[in-house]
1. Return yes or no: is residue 70 among the acidic types (Asp, Glu) and modelled with pLDDT of 75 or more?
2. When you look at residue 49, is it at pLDDT below 85, hydrophobic (A, V, I, L, M, F, W, C) and farther than 17 Å from residue 121 by Cβ, yes or no?
3. Only one residue in 55, 43 is among the β-branched types (Val, Ile, Thr), surrounded by 10 or more Cβ atoms within 10 Å (Cβ to Cβ) and at pLDDT below 90, so which one is that?
4. So, in the range 65-82, exactly how many residues are under 21 Å from residue 108 (Cβ atoms) and surrounded by 15 or more Cβ atoms within 10 Å (Cβ to Cβ)?
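The values are calculated or read from the model by the stated rules, or taken from the named source; none is laboratory data. Everything numeric here is computed off the predicted structure, so don't read it as measured data. Here the Cβ positions follow ideal geometry from the backbone for every residue, glycine too, while neighbour counts run over all protein chains shown.
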Amino acid sequence: MEDKERFGTAHFVMILLTAAFLSALAFFTVRDKPVMQTNDYTVAVERSVPAEEIVPERQPVDINTAAAADLQQLMGIGPVLAQAIVDYRAEHGPFASVEELLEVSGIGEAKLDNIRNDITLGEEDAA
């Protein structure tokens, strides 16, 4: 004779518990989360945070006083190029214009355009 497994009370209770667990999981996953909509996707966040807290405003780097480590914070400026800027400044004195950076070996028009908004000569601070 074949033993047939019977669908009993224990199975029914397990199905109810599973359904209750999945319902609770879905409820706690979606409740009280603001939804931010963009063009292609939706992001649910715990709370809204101002952009300034996420990405602090960067201060421009003064190329006439910055150390090599500070210059490396600029996009596309690594340790070698940062040291080249410091060496050029030590040999020729402070930069008179941002365009003078083109005289530093390794800096071309494209690299200068990439960092132009992130650098200063320090003159603006004195005024």
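1. On the way: among the acidic types (Asp, Glu): yes; modelled with pLDDT of 75 or more: yes.
Yes, satisfied.
2. The answer is yes for residue 49.
3. Details: 55 fails: surrounded by 10 or more Cβ atoms within 10 Å (Cβ to Cβ).
After ruling out the rest, the residue left standing is 43.
4. Taking the range 65-82 and keeping what is under 21 Å from residue 108 (Cβ atoms), we get 66, 68, 71-82.
Filter again for surrounded by 15 or more Cβ atoms within 10 Å (Cβ to Cβ), leaving 66, 68, 71-72, 74, 77, 81-82.
Count: 8.
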